[in-house]
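What follows is a set of notes on a single structure, which appears directly below.
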Amino acid sequence: MSLTILQPPGWARPRGFSNGIAASGRLVFIAGQVGWTGEGRWEARDFAGQFRQALKNVLDVLAEAKGGPQHIVRLTWYVIDRDEYVAALAPVGRAYRDLMGRHFPTMAVVQVSGLVEKEARLEIEATAVVPEEGGKP
């Protein structure tokens with residue numbers, strides 16, 4: 001698998017994400033994940049707790065394709081309340097580092113008027129590029 005961060009000359013370095021990534025390998029698309037457990041139980045009601053669980057869910061699905069956090073090239077977060085998101089940045093950052101380490105894929109955070117799952121505070125979808133079977137990580 002090949003992964004190259006794209007940073008145009010003269011652009012300010014983004015904080016917490018990449019402007020672009022070029023990658024080759026096997027594409028993995030992960031559906032939007034909310035903050036319930038794999039069994040469909042809500043253990044967290046707060047934004048940061050649901051973020052941790054939703055990102056864990058993304059990584060659990062990715063593991064089924066023999067991928068890890070370092071293979072994610074795109075995350076899109078759909079949040080119900082921008083202010084709630086901003087207020088939770090510190091614990092969200094800790095959860096992100098716990099699960100993703102220092103890997104920062106391309107990202108977008110979009111405020112939406114609602115999600116299908118009524119109790120969800122956010123939903124995260126992802127795209128990853130994992131090595132071809134037998135290839136190097």
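The numbers here are math on the coordinates, done by the rules we state, and not lab data. Note that the structure is a prediction, hence the values are computed from the model and not measured. Cβ atoms come from the backbone with ideal geometry, glycine included; neighbour counts cover every protein chain shown.
Going by how many other beta carbons lie within 10 Å of each one, how would you line up 76, 4, 106, fewest first?
Neighbour counts put them in this order, fewest first: 4, 76, 106.
Name the residue, out of 69, 14, 91, whose mean-square fluctuation peaks in a Gaussian network model built on the chain with Cα pairs under 10 Å.
Of the options given, 14 has the highest mean-square fluctuation.
Quick check: the angle from helix 47-63's long axis to the longest principal axis of the chain, C-alpha only, nearest 10 degrees?
Computed tilt is about 40 degrees.
Angle, helix 89-100 long axis vs. longest principal axis of the chain, Cα atoms, 0 to 90°, nearest 10?
Here the helix axis deviates by roughly 40 degrees.
Along the Cα→Cβ direction, 7 angstrom out, place labels at residue 89 and residue 45. What is the inter-label distance in nm?
Here the modelled spin labels are 2.7 nm apart.
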